[in-house]
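A quick write-up on the structure given underneath.
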Amino acid sequence: MPDGHVTGLEHAPAVLEQARATAAARGVENIRFAVGDVHALDFPDDTFCVTHAHQVLQHVGDPVQALREMRRVTKPGGIVAVRDSDYATMTWYPEVEGMDGWLDLYRRVARANGGEPDAGRRLHAWARQAGFPPESITASASTWCYRTPEERVWWSELWADRTVASSYARLAVDGGHATTEELSRIAAAWREWGAQEDGWFAMLHGEVLCRV
Ligand SMILES: C[S@@+](CC[C@H](N)C(=O)[O-])C[C@H]1O[C@@H](n2cnc3c(N)ncnc32)[C@H](O)[C@@H]1O
């Protein structure tokens, strides 16, 4: 839609600054950014043709309320589109000591922070609870797979860094879920997996397209 306009909404102002810089660097001008909370969107009813949340609802305290808000701000005939991963489905090869501990820790910390790491499988149910009639909901699933050396390095370094230096790492330690030494061991496990020539990692996402 070359004549369309996009509004990017984000809770964390610092992330929004990065998005603004990326859009400016790419010469994208039909976009504006707003700080906001998906539970209570600061837009009138029937504002957007498409309202999309990608890997967001797994982090929020009330995903059903978020979907109600997304529906409210979408025009009749428009679409609410959501995709979230489902952590319990994440699987990899070969087995590396510490990786199972990573998944268990991540899911515990995410839940302690009010989120639902296995959101993917729940999206269609949340959409129905938010008031979308079943016949207006199209549910699907897709996968991501990391296999090439470049993909393995990117994915393993992302998680190794996130495990020791991020808001997730702080929550893990402050909440008593892990010590900094345990986080360092998990980061090392990620790097060890990333260095495996036969390394393979896959995850499942749940998706819904809801007609308003
Ligand atoms: C995993 S990131 C996904 C970012 C991006 N959509 C993507 O797919 O790469 C989740 C984002 O949701 C934002 N977020 C969390 N809770 C939110 C809320 N209540 N309202 C709006 N954004 C929120 C976080 O700040 C974070 O930037």
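The values are calculated or read from the model by the stated rules, or taken from the named source; none is laboratory data. What you see is a predicted model; the values in this text were computed from it and never measured. Don't worry about glycine lacking a Cβ; one is built from the backbone with ideal geometry, like all the others, and counts go over all protein chains shown.
Quickly run through the stretch 55-64 and pick out the residues that are touching a residue at least 60 places away in the same chain (Cβ under 8 Å) and within 12 Å of the ligand (Cβ to nearest atom).
Hits for the stretch 55-64 are Leu57, Gln58, Pro63.
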*Show the residue pairs that are 6+ apart or on different chains and have beta-carbon atoms under 9 Å apart, the first residue being within the stretch 127-144 and in the same structural domain as His54 (by TED's automatic domain parsing) and over 13 Å from Ala81 (Cβ atoms), the second being outside any helix (DSSP H, G or I) and among the hydroxyl-bearing types (Ser, Thr, Tyr).*
Trp144/Ser85
*Please determine, by comparing only the residues of the stretch 40-51 that are of a type outside the set (S, T, N, Q) and surrounded by 15 or more Cβ atoms within 10 Å (Cβ to Cβ), which one is nearest to the ligand (Cβ to nearest atom).*
Leu41
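Quick check on Thr7: is it away from the ligand (no atom under 14 Å from the Cβ), touching a residue at least 24 places away in the same chain (Cβ under 8 Å) and polar (S, T, N, Q)? Outline the logic, then answer.
Numbers: away from the ligand (no atom under 14 Å from the Cβ): no; touching a residue at least 24 places away in the same chain (Cβ under 8 Å): yes; polar (S, T, N, Q): yes.
No, not satisfied.
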*Could you check how many residues of the stretch 74-105 are among the acidic types (Asp, Glu) and either in contact (Cβ under 8 Å) with a residue 40 or more places away in the chain or surrounded by 14 or more Cβ atoms within 10 Å (Cβ to Cβ) (or both)?*
3
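So which of Gly61, Gly8 is among the small types (Gly, Ala, Ser) and not assigned by TED's automatic domain parsing to the domain that holds Trp126?
On the way: Gly61 fails: not assigned by TED's automatic domain parsing to the domain that holds Trp126.
Being among the small types (Gly, Ala, Ser) and not assigned by TED's automatic domain parsing to the domain that holds Trp126 holds for just one of Gly61, Gly8, which is Gly8.
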